[in-house]
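Structure record follows, encoded as structure tokens.
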Amino acid sequence: MSQKKKSSNTFIIVLTLLVFASIAVFVVLNSNNQKENEPGTEFSEQPSLEKQPRLGEKDASVKVVEFGDFKCPACKAWGESIYPQLVDDYVESGQVEFGYINVLFHGEESTLGSAAAEAVLKLEPESYWDFHKKLFAEQPENDHDTVWLTVDKIQEVAAETTGIAAEDLEAAMQTEAVVEEVNKDTSLVEEYEIQLTPTIMVNEVMIEDPFDYEKIKSVIDEALEDQE
Ligand code: CA
């Protein structure tokens, strides 16, 4: 093979590699773009809010559902940063109804918190959201792994936010009806293949990034327009 032929072969190989490399870059960029434009995964139906804690107008056409865990730091952060905006912008005006479903990703403490919340919802539904917010507020800011969600903590929070007697709350937490509600939430977690908490759904759409409020708003606005 002559020197000239060899160098032209090398040139062709390099050129081919460059073409493939640029195609690969294009494909990756393109799929990232597509991801950015998608609001999230769309399911065939939204999770039912039957017997769930709900906030806002029952007949609001748009439902926002949080799959959350009292023991999860990101849920506390979401509740303090995104949730108040959602309530101000959409729930108070009656456009959106908000609901909450328990996720038990942090073992015994998640289970205790969920059972307590379900018991409060059953015994004194009007106090539910105060209890819910206060329990999240009690989650330690820095030391997430410390054991804090205990029966004592639940009783302390219930005493501050509800009129339920300690023994009534403790008894209600053991009842079959409450255990059934906790199990029902776990079935929904499995059905919707929840991987992360919080997971936020707007009607049938599972939002990719729960902290992207602009995206949440755009999905809500689109759903509201569809109803008109
Ligand atoms: Ca529930």
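Length gained on full extension, Glu214 to Glu228: 2.9 nm, using 0.36 nm per residue less the C-alpha separation. Legend: P(r) of the range 37-152 from all alpha carbon pair distances, 5 Å bins from 0, whole percents, reading 2, 11, 19, 23, 21, 13, 8, 3, 0, 0. DSSP bridge analysis restricted to the chain gives an antiparallel fraction near 60%, rounded to the nearest 5.
Pairs exceeding a 25 Å alpha-carbon distance, out of Lys63/Lys184; Lys184/Lys215; Lys51/Lys134; Lys122/Lys184; Lys122/Lys217: Lys184/Lys215; Lys122/Lys217.
Of the chymotrypsin sites (Phe, Trp or Tyr not before Pro) found in the range 166-224, those in coil by DSSP whose Cβ has at most 16 other Cβ atoms within 10 Å are Phe211. Membrane-span-like helices in the chain (whole DSSP H runs, Cα extent of at least 18 Å along the helix axis, mean Kyte-Doolittle hydropathy of at least -1.0): 3-37, 107-123, 176-191, 213-227. Modelled label positions at Asp89 and Gln195, each set 7 Å beyond Cα in the direction of Cβ, lie 2.5 nm from each other.
Placing +1 on each Lys and Arg Cβ and -1 on each Asp and Glu Cβ, with no other charges, gives the range 148-228 a dipole about its Cα centre of roughly 280 debye.
Between Val179 and Thr10, full extension at 0.36 nm per residue minus the direct alpha carbon distance yields a gain of 53.8 nm.
The Cα-based radius of gyration of the range 102-228, divided by its Kirkwood radius, gives an Rg/Rh of 1.02. Quick one: among Glu42, Glu118, Glu50, which has the greatest mean-square fluctuation in a GNM of the chain with alpha-carbon springs under 10 angstrom? Sorting by GNM fluctuation, first place goes to Glu50. Once both labels are positioned 7 Å from their Cα atoms along Cα-to-Cβ, the gap between Trp148 and Glu57 label points is 3.7 nm.
Build a GNM of the chain with springs between Cα atoms under 10 Å apart, and of Lys133, Lys63, Lys71 the one that fluctuates most is Lys133. The fraction of Cα-Cα pairs per 10 angstrom bin, counted from 0 for the chain, comes to 7, 28, 28, 15, 7, 5, 5, 3, 1, 0 percent, rounded to whole percents. Within the listed set Glu92, Glu180, Glu45, the Gaussian network model of the chain (springs between alpha-carbon atoms below 10 Å) gives the highest mean-square fluctuation for Glu45.
Rule-based calculations on the coordinates, nothing more; no lab input. Here the structure is a predicted model, which means the values were calculated and not measured. Heads up, the Cβs are rebuilt from the backbone with ideal geometry, glycines too, and the neighbour counts pull from every protein chain shown.
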